[in-house]
Amino acid sequence: MTLEVIHDAPLQALHTFGVPATAAHLVQLRDRDDLPALQATLGRLTHEPASSLILGAGSNWLPVGDLQQPIVQVQLRGRRRLDDRGLIEVAAGEPWDDLVHWSLDQGLAGLENLALIPGTVGAAPIQNIGAYGVEIASCLEQVEAFHLLTGKTRFFDRAECALGYRDSLFKQAAGAHWLITSVRLRLVPEDQAVLHLDYGDVRHWLRETGIPAPRAHDVARAVRAIRRSKLPDPAVLGNAGSFFKNPIVSAPKAKALKSAYPAMPQWPLEGREPVEPRDGGPSAGDAGDGAPPFKLAAAWLIDQCGWKGARHGQAGVHAAHALVLVNHGQASGADVLALARQIQASVLSRFGVMLEPEPLIVG
């Protein structure tokens, strides 16, 4: 058995914010054959195995104190092609960007817009990761998962995963007990790929680099270059990438905001259900008119409130990207959370829009 349990485990090096925290129990899962032992171990460590937290690369996670519930670090590795048409299966612990490199080397396209996103493959469907006009929902075939309470293993197809904007079944109560062990993706041969070049940054990089007829490899190069130019390296400046989701509001709310702030970026979300009003939410007090909702740019809202480059002790907002909260070296998780709450209050007061954090906040 390769299952390892570390007690009073320091977590600072296990997440990208780099804030100090300790886990009472850290369980490292390296082999699928250890899944029954994992279930038994969690049963011994806690009376509520379902309360265990699942950790990949820690790139979308902020601890704000020491943790008493067990942490399961998924380190399952392996990847393979299942057919000659582009179906691949990848273990949950594989680094996401390694998968992007590997898939392109296999002559397969579909993940190039998602290059350099931090984290592991198992976390990708949980968050329904997306960037530059593409989400993993576009190529997800199946997710294999292990139930921490029953010990049952099953496959979930794309519809069962209930993928939404940075959301899925596995972030909801109904899916909270499932630990993802592998993911199946349906990619396409690179010479048959329809590339997504909707974002101006990508088109501009390709044009400036002298690539008039880009292939998937070129798009991945563009995305990596753009991300490196805009986002701080967590190894240098602790962060979890975008800290807030782009808020989604009803069409009437978007229209009213556009009237008051003509420069505000907005995108209609065709095919989405109308936004229902929620107390304190983005569309509070707005019954909607049946029109599709709109997505707003959280970075623009934060920037308009004067937060870009601001600091709260050792926590701060990145000077080049208002969506990125950073640890300047000695911040605690509580410091980062306090800054996030100040930003939320500021945006809510000015625009009537409540920003929702993207990382999981625990402790």
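The values are calculated or read from the model by the stated rules, or taken from the named source; none is laboratory data. Computed from a predicted model, the values in this text were never measured in an experiment. FYI the Cβ positions are ideal-geometry reconstructions off the backbone, even for glycines, and counts take in every protein chain you see.
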Within segment 136-154, does at least one residue satisfy the condition of being modelled with pLDDT under 95, among the acidic types (Asp, Glu) and either touching a Phe, Trp or Tyr at 6+ places or on another chain (Cβ under 6 Å) or surrounded by fewer than 22 Cβ atoms within 10 Å (Cβ to Cβ) (or both)? no
Report every pair of residues separated by at least 6 positions or lying on different chains whose Cβ atoms are under 6 Å apart, first residue within segment 238-262 and over 30 Å from ARG227 (Cβ atoms), second surrounded by fewer than 21 Cβ atoms within 10 Å (Cβ to Cβ) and not acidic (Asp, Glu). SER250/GLY288; ALA251/ALA291
Taking only segment 84-96 into account, find how many residues are modelled with pLDDT of 95 or more, over 19 Å from ASN60 (Cβ atoms) and surrounded by fewer than 22 Cβ atoms within 10 Å (Cβ to Cβ). 2
Counting only residues that are in contact (Cβ under 8 Å) with a residue 40 or more places away in the chain and either surrounded by 18 or more Cβ atoms within 10 Å (Cβ to Cβ) or in the same structural domain as ALA159 (by TED's automatic domain parsing) (or both), segment 200-217 contains a total of 2
Residue count, segment 222-237 (criterion: in contact (Cβ under 8 Å) with a residue 40 or more places away in the chain, within 30 Å of VAL194 (Cβ to Cβ) and either of a type in the set (Gly, Ala, Ser) or out of contact with any helix residue (DSSP H, G or I) (no Cβ under 8 Å at 6 or more places or on another chain) (or both)): 5
Kindly provide the set of residues from segment 313-325 that are surrounded by fewer than 20 Cβ atoms within 10 Å (Cβ to Cβ) and under 15 Å from ARG341 (Cβ atoms), ordered by number. GLY313
Within segment 5-44, of all residues that are surrounded by 14 or more Cβ atoms within 10 Å (Cβ to Cβ) and charged (D, E, K, R), the one nearest to PRO118 (Cα to Cα) is ARG30
When both residues are 6+ apart or on different chains and their Cβ atoms are under 7 Å apart, which pairs have a first residue that lies in segment 142-160 and is not assigned by TED's automatic domain parsing to the domain that holds ARG32, and a second that is of a type in the set (D, E, K, R) and surrounded by fewer than 18 Cβ atoms within 10 Å (Cβ to Cβ)? GLN142/ASP157; ALA145/ARG154; ARG158/GLU141
Can you find a residue in segment 215-225 that is more than 26 Å from ALA92 (Cβ to Cβ) and basic (Lys, Arg)? yes
Within segment 45-79, take every residue that is modelled with pLDDT of 90 or more and among the charged types (D, E, K, R) and give me the one that is surrounded by the fewest Cβ atoms within 10 Å (Cβ to Cβ). ASP66
Subset of segment 102-113, residues part of a helix (DSSP H, G or I), in contact (Cβ under 8 Å) with a residue 24 or more places away in the chain and not aliphatic (A, V, I, L, M), comes to SER103, GLU112, ASN113
Looking at PRO262, PRO252, PRO268, can you tell me which residue is farther than 23 Å from LEU99 by Cα, outside the structural domain of GLY93 (by TED's automatic domain parsing) and touching a Gly at 6+ places or on another chain (Cβ under 8 Å)? PRO252
Which one of these is within 15 Å of TRP96 (Cα to Cα) and buried (at least 16 other Cβ atoms within 10 Å of the Cβ): ARG184, ARG166, ARG158? ARG184
Inside segment 2-55, can you point out the residues that are part of a helix (DSSP H, G or I) and charged (D, E, K, R)? ARG32, ASP33, ASP34, ARG44
Applying the selection to segment 11-37, what residues are within 27 Å of PRO232 (Cα to Cα) and touching a Ser or Thr at 6+ places or on another chain (Cβ under 6 Å)? THR16, VAL19
Out of (1) closer than 18 Å to VAL74 by Cα; (2) touching a Gly at 6+ places or on another chain (Cβ under 6 Å), the one GLU190 does not meet is (1)
Taking only pairs six or more apart or across chains, which ones have beta-carbon atoms under 8 Å, a first residue in segment 319-332 that is closer than 16 Å to LEU62 by Cβ and in the same structural domain as GLN344 (by TED's automatic domain parsing), and a second residue that is in a strand (DSSP E or B) and among the polar types (S, T, N, Q)? LEU323/SER242; VAL324/ASN239; VAL324/SER242; LEU325/ASN239; VAL326/ASN239; ASN327/ASN239
